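Accompanying notes for the structure given below.
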Amino acid sequence: MKERVILHADINNFYASVECLHRPEIRNRPVVVGGDESLRHGIVLAKNYAAKATGIRTGETLWQARLKCPGLVVLPPNYPLYLRYARFARQIYADFTDRIEPFGLDEAWLDVSGGDGVLTADTIRERIRRELGVTASVGVSYNKIFAKLGSDIKKPDATTPVSRENYQTVAWPLPVEELLYVGRATRAKLRSYSIHTIGQLAAAPLSFLHGIFGKVGDVLHAFANGQDQSPVMRLNEEALIKSIGNSTTTPRDLTCDEEVKIILFVLCESVCARMREHGFLCRTVAVSIRDNTLFCFERQSKLQAPSHISGEIAGVAMQLFRQHHNWLKPIRSIGVRCSELLPANGPLQLTVFDDDARDKLAALDETVASLRKRFGHFCIQRASVSADRPLGSIDPKGDHVIHPVGFFRNGMLK
Amino acid sequence: MLIAIPRQKFFEQLMVVTKTAASKSTIPSLEGVYIEIRPLAEDSAKITATAANTEMIITASSIYTVSEAKEVSAFALVLPVKIQDVVRRLPGETIQLLFDRENFAVTVFGQGHEARAQSEFRIFGFDPQDFPGTPSFTAPDLCLQMKSPDLRRALRQILFAISADESKPAFTGVHFRLLAEKLVLASSDTFRVATTSCRFSEFSHLKEGVGSFLAPGRLLQECVRTFGEGGRFQTEQTVTLKTERNKLLLESGEVMIFSRLLDENYPDVERVLPKEFAGSSAILTGELIACLERALVLTETGSPVLKFTFEKDGLTVKASSRYGKVQDRVAAKGEGADLEISLNARFLLDMLKVCEGEEVIFRHTGPNRGVLLKDDLYEEFRYFLLPIKS
């Protein structure tokens, strides 16, 4: 087989760059995009180079950022705008290949096998700069993992090839956490075995890694040695979705079942509306809870029948919560995730006794969705949700952030 | 104490109960079989075998002619279910049981054809005091007597449609409803409903207002296995059914099955069965079974969905999957409107396999609506199956 040529394009400081593009007056000042502090979402989501120079880091709280940099410009996120730019970027990629695998909003893998990788990468960068007014870093390699490493090496607006000839000098000296799927926990574990760089990880025996991490150990070994074989998926949104979920850090810590119920209803409505938009039913509902000590867990349960009815799913979610949470600590964040999706228009075994009531509930959800589309999210609310204005006044669907789709979704770990 | 009894009879008695013994229990004696021996005369004794799990208790007793007896007096112990296998494999027609009263153990001897060929098993049992007693039915609310082949037939016609889903407990049971001279049985797993009835000969209604009850499906499956023709243990031709508050007893000859009734609401089944039909189709049962099984070959595992086209002179069954396509046609006598509908073929086969008549009659009400099936032999047996909406 001929060697693959894979690009990984990463738009530099995506949110902040797009904001600066639209507000020329702040271009040269330190800028961060951050969540709403009044709703306790006040962390740095993105920053520009001026802000980076003051030592601000993504993920830290806005008050910490302001301490480091007086005069910092903090902007609220404008997701529809970012989404528009992400689509523009994908249109550019689509001129080069049909194998595009988005990874979050601002990153994408491109399979351009058969072409000259570095030349294509330079052309793409040039077009993004000229047509969109933002810059991108592109990694060029023979597998997805090294391509992603490459795009992180030189910023902004640069092309970095990681080839079979040079990966040992380019990729291996990098700290191990640069590797995809080495997060905080894995890094800590690796460090305890004195593995600090990707090269050290690559040199570690497979059996040793397998012993520590199980299957993930095999994957890490393959990643570090550039043996990743995973293909670049074709751009096909439907096939990518394995589960639909929504979580929120609540405006204040929750202390009783009633408050949890409000949040669960809000989240389930958002998840169900999204399932409806994508034409899915789900079989499994999972609830994740994070308390004020940041301890978190997730529990799931199977539905009696596939559903996208918000009332039903919220009922199951609430039952799960009641079963598994003991209220020793107040709750900071709750998530609901629906998985085992199946197409809503696929074959469905009808039932004898309860279809009428369910049809009505489905019609109700449908009506609420169309009202919200025309008159805004808050035009209609459940009575229980409007009982507590601050809690009920979050719109997780409208405010939502698109997270990168998991790398392992095509089941390579199975 | 020593007794000698016929091996085969004892084996069959054990067979009736051992399947019910709890497979894993925190009370070890629940995993075994309770055996009680009571001498009746010089040369006869009554042996009672009982097994229990958290859902039900089954007991079978039988009077044995004892060919050899020494120091026989009433005695009980709990033996592991392995006793059944031991009795099955022992040589000879007669086996000797030597009980060790102090240690709750038994030594079983089997004599081969030759004088010197002998098997000897010593089996360790348990103290029987942990074993649950059988509930008493002193003042039953309801007492019915039925012919056991008739009850077996009725149960077979509906038991396949109960649900195995413990999250819908009502649907794991069979609903019984008392009418003037018959007992109406219904089962459903919410995708389909099966209903039939069974005649009873004697009836006493000791408490007013007990007209219906919900019995666990597991227990009734045991009844089919045990009572009447095809049953493993010789029982009488009649079955007595008694309820008392939340308890149920089914008794036939020397076999008794006890259980708790399910305390759940059951929907009105009669209400959901259609009364008016757009068309009907009569098909030979055997032909239809063969046709469905052929078509099923090409369906995906776990999705046994077939497309049915009912016409005046025939039924066409179609399936397609990544393996290919199949089209299978059987003769049918159709009346009224034609119909195209998708059905779960496994659900259909469940019913067809218990049909005893020549023909099965489909009655339909329209696309995406349920079909009602009938066996031409039994007027009371009806099966209502909801289609698959595609």
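The values are calculated or read from the model by the stated rules, or taken from the named source; none is laboratory data. Please read these numbers as outputs of a predicted model, since none were measured by experiment. Here the Cβ is made from the backbone with ideal geometry for all residues, glycine too, and neighbour counts use every protein chain on show. Just the protein is used for accessible areas: all its heavy atoms, side chains included, with ligands, DNA and RNA removed. Shrake-Rupley method; radii C 1.70, N 1.55, O 1.52, S 1.80 Å.
A few points about this structure:
- For the stretch A:324-361, filtered to residues that are in a helix (DSSP H, G or I) and more than 13 Å from chain B (Cβ to nearest Cβ), the residue that is most open to solvent (accessible area, probe 1.4 Å) is A:Lys360.
- In the set (1) away from chain A (no Cβ under 14 Å); (2) among the acidic types (Asp, Glu); (3) farther than 30 Å from B:Val78 by Cα, the condition left unmet by B:Asp100 is number (3).
- The residue that is farthest from the other protein chains (Cβ to nearest Cβ), counting only those in the stretch B:299-315 that are crowded, with 17+ Cβ neighbours inside 10 Å and out of contact with any helix residue (DSSP H, G or I) (no Cβ under 6 Å at 6 or more places or on another chain), is B:Leu315.
- Pairs with Cβ under 8 Å, 6+ apart, first in the stretch A:365-385 and at pLDDT 90 or above, second open to solvent by 50 Å² or more (accessible area, probe 1.4 Å) and not in a helix (DSSP H, G or I): A:Val368/A:Ile380; A:Leu371/A:Ile380
- From A:Pro396, A:Pro306, A:Pro390, residue being within 27 Å of the chain's Cα centre (by Cα) and assigned to a loop (DSSP other than H, G, I, E, B): A:Pro396
- Test: A:Arg129 is open to solvent by 60 Å² or more (accessible area, probe 1.4 Å) and assigned by TED's automatic domain parsing to the domain that holds A:Tyr85: yes
- Checklist (1) in a loop (DSSP other than H, G, I, E, B); (2) open to solvent by 80 Å² or more (accessible area, probe 1.4 Å) applied to B:Ala161, failing item: (2)
- All told, B:Leu343 meets the bar of being open to solvent by less than 70 Å² (accessible area, probe 1.4 Å), within 14 Å of chain A (Cβ to nearest Cβ) and touching a residue at least 24 places away in the same chain (Cβ under 8 Å).
Rundown of residues vs (1) within 30 Å of B:Gly173 (Cβ to Cβ); (2) open to solvent by less than 10 Å² (accessible area, probe 1.4 Å), yes/no style:
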position	(1), (2)
B:Ile47	no, yes
B:Thr54	yes, no
B:Ala60	yes, yes
B:Leu77	no, yes
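- If you go through the stretch B:293-342 and keep only what is of a type in the set (S, T, N, Q) and outside any loop (DSSP other than H, G, I, E, B), you end up with B:Thr309, B:Thr316, B:Ser320, B:Ser321, B:Gln327, B:Ser342.
- Taking the criterion of being open to solvent by 20 Å² or more (accessible area, probe 1.4 Å) and closer than 24 Å to B:Leu273 by Cβ, the residues of the stretch B:173-209 that qualify are B:His175, B:Arg177, B:Leu178, B:Leu179, B:Ala180, B:Glu181, B:Lys182, B:Phe191, B:Arg199, B:Phe200.
- Taking the stretch B:346-390 as the range and being open to solvent by 20 Å² or more (accessible area, probe 1.4 Å) and in a strand (DSSP E or B) as the test, the residues that pass are B:Glu359, B:Ile361, B:Arg363, B:Lys374, B:Arg382, B:Lys389.
- Selected residue (criterion: nearest to B:Arg101 (Cα to Cα)) from residues of the stretch B:44-66 that are free of Cβ contacts under 8 Å to residues at least 60 places away in the same chain and out of contact with any strand residue (DSSP E or B) (no Cβ under 6 Å at 6 or more places or on another chain): B:Asn53
- Of all residue pairs spaced 6 or more apart or on separate chains, those with beta-carbon atoms under 6 Å, a first member in the stretch B:319-337 that is open to solvent by 50 Å² or more (accessible area, probe 1.4 Å) and a second member that is basic (Lys, Arg) are B:Gln327/B:Lys318.
- Some residue of the stretch B:222-229 being under 16 Å from the mean Cα position of the chain (by Cα), farther than 17 Å from B:Leu183 by Cα and at pLDDT 85 or above: no
- Among the candidates A:Ser310, A:Ser288, the residue that is away from chain B (no Cβ under 14 Å), in contact with an Asp or Glu (Cβ under 7 Å, 6 or more places away or on another chain) and under 30 Å from B:Arg271 (Cβ atoms) is uniquely A:Ser310.
- Qualifying positions in the stretch B:164-199 - of a type outside the set (S, T, N, Q), part of a strand (DSSP E or B) and within 14 Å of chain A (Cβ to nearest Cβ): B:His175, B:Ala186, B:Arg192, B:Val193, B:Ala194
- Looking only at residues of the stretch B:246-283 that are in contact with a Phe, Trp or Tyr (Cβ under 8 Å, 6 or more places away or on another chain) and within 14 Å of chain A (Cβ to nearest Cβ), we find that the one that is least open to solvent (accessible area, probe 1.4 Å) is B:Leu273.
- Residues located in the stretch B:109-136, provided they are assigned to a loop (DSSP other than H, G, I, E, B) and surrounded by fewer than 18 Cβ atoms within 10 Å (Cβ to Cβ): B:Gly112, B:His113, B:Glu114, B:Ala115, B:Arg116, B:Ala117, B:Asp127, B:Pro132, B:Gly133, B:Thr134, B:Pro135, B:Ser136
- Test: A:Arg252 is among the basic types (Lys, Arg) and either assigned to a strand (DSSP E or B) or in the same structural domain as A:Ala314 (by TED's automatic domain parsing) (or both): yes
Conditions (1) at pLDDT 90 or above; (2) within 31 Å of the chain's Cα centre (by Cα), marked per residue:
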position: B:Ser29; (1), (2): no, yes
position: B:Tyr34; (1), (2): yes, yes
position: B:Lys46; (1), (2): yes, yes
position: B:Ala69; (1), (2): no, no
position: B:Val108; (1), (2): yes, no
position: B:Gly112; (1), (2): no, no
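- In the stretch A:94-175, counting only strands (runs of 3 or more DSSP E) that sit wholly within it, the ones holding 3 or more residues that are of a type in the set (A, V, I, L, M, F, W, C) and out of contact with any Phe, Trp or Tyr (no Cβ under 8 Å at 6 or more places or on another chain) span A:136-141.
- Selection of the stretch B:67-108 for residues being free of Cβ contacts under 8 Å to residues at least 60 places away in the same chain, among the polar types (S, T, N, Q) and in a loop (DSSP other than H, G, I, E, B) yields only B:Asn103.
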